[in-house]
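Take a look at the structure below.
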Amino acid sequence: MKNTILLLCCAALFACKQPAQKQNSADTTAQTADTAKAQTAITNKLITPGRSIGDIVLSEDVANVSQLLGRPDSSDAAMGSSLMVWHKAGGYRTSVFAHRKMGDKDEIISRIQKVLVNSPEYKTAGGLGVGSSLAEIKKSYNLKPTSDYKNKDGKVQVYTDLDKGISFEIDAADKCVGVVVHQLHDTSVAYLNMH
């Protein structure tokens, strides 16, 4: 009789632990999924000099961007080149310059050459982006002034690090108002005005 009661108690304890273990397993799975989503959100907003901004990767087919962002709000194309712009709430935009290599075997593919964002949600691994000061940016990049343009608030100076494939648009208050990623050492693309 004692053995029977002891067996029943052990079985009850084992049964009670099973749902808790399943619940803990479910909690762990949910936490892992949340972590993966957070990591994806971070990488979707990561600026990688000379390579990408978020999911937009240099040298890839520009058709991929339309799949990601939908139809552009404006576009302009001529002589194998195209500039597409997507606008977001708050006055933010993403601009993509692409080019076809005429006469190449894959001349039908328009490849991404340059990407510009002016949203503060995009940052480099070091946390730099729109809103960063010129002094902060200069600590991580060897910048040279390459061009300028005027916006509604005045003159914007573009500083470029050709060795890393990144440019920063800096306003009169020495704050970054736009970040551009382009191919390393490609002055023809780096100096191209996307405004």
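The values are calculated or read from the model by the stated rules, or taken from the named source; none is laboratory data. Given the structure is predicted, the values throughout are model-derived calculations rather than measurements. Counting neighbours? That spans all protein chains shown, and the Cβs are built from the backbone with ideal geometry, glycine included. Accessible surface areas use protein heavy atoms only, side chains included; no ligands, DNA or RNA. Shrake-Rupley method; radii C 1.70, N 1.55, O 1.52, S 1.80 Å.
Determine whether the stretch 35-56 contains at least one residue that is in contact with a helix residue (DSSP H, G or I) (Cβ under 8 Å, 6 or more places away or on another chain), modelled with pLDDT of 50 or more, closer than 29 Å to N142 by Cβ and aliphatic (A, V, I, L, M). Checking the stretch 35-56: at least one residue is in contact with a helix residue (DSSP H, G or I) (Cβ under 8 Å, 6 or more places away or on another chain), modelled with pLDDT of 50 or more, closer than 29 Å to N142 by Cβ and aliphatic (A, V, I, L, M). Please work out if S140 is under 30 Å from A172 (Cα atoms) and touching a residue at least 40 places away in the same chain (Cβ under 8 Å). No: the conditions fail for S140. Among residues of the stretch 94-110 being more than 18 Å from the chain's Cα centre (by Cα) and either under 20 Å from G178 (Cβ atoms) or of a type in the set (A, V, I, L, M, F, W, C) (or both), the one that is least open to solvent (accessible area, probe 1.4 Å) is I109. When the stretch 163-178 is limited to residues that are of a type in the set (D, E) and within 15 Å of P120 (Cβ to Cβ), the one that is most open to solvent (accessible area, probe 1.4 Å) turns out to be D171. Taking residues in the stretch 46-74 that are in contact (Cβ under 8 Å) with a residue 24 or more places away in the chain and more than 10 Å from I112 (Cα to Cα), and partners anywhere that are among the β-branched types (V, I, T) and exposed (fewer than 15 other Cβ atoms within 10 Å of the Cβ), the pairs with Cβ atoms closer than 9 Å and at least 6 places apart or on different chains are G54/T43. Scanning the stretch 111-122 for residues that are more than 17 Å from M194 (Cα to Cα) and either without any contact (Cβ under 8 Å) to a residue 60 or more places away in the chain or open to solvent by less than 70 Å² (accessible area, probe 1.4 Å) (or both) yields P120, Y122. Yes or no: A125 among the hydrophobic types (A, V, I, L, M, F, W, C), farther than 25 Å from L83 by Cβ and open to solvent by 90 Å² or more (accessible area, probe 1.4 Å)? Yes; evaluated as a whole, the condition is true for this residue. Here T160 does not qualify as touching a strand residue (DSSP E or B) at 6+ places or on another chain (Cβ under 9 Å), loosely packed, with under 13 Cβ neighbours inside 10 Å and β-branched (V, I, T).
For V181, the criteria (1) surrounded by 18 or more Cβ atoms within 10 Å (Cβ to Cβ); (2) part of a loop (DSSP other than H, G, I, E, B) hold in every case but one, which is (2).
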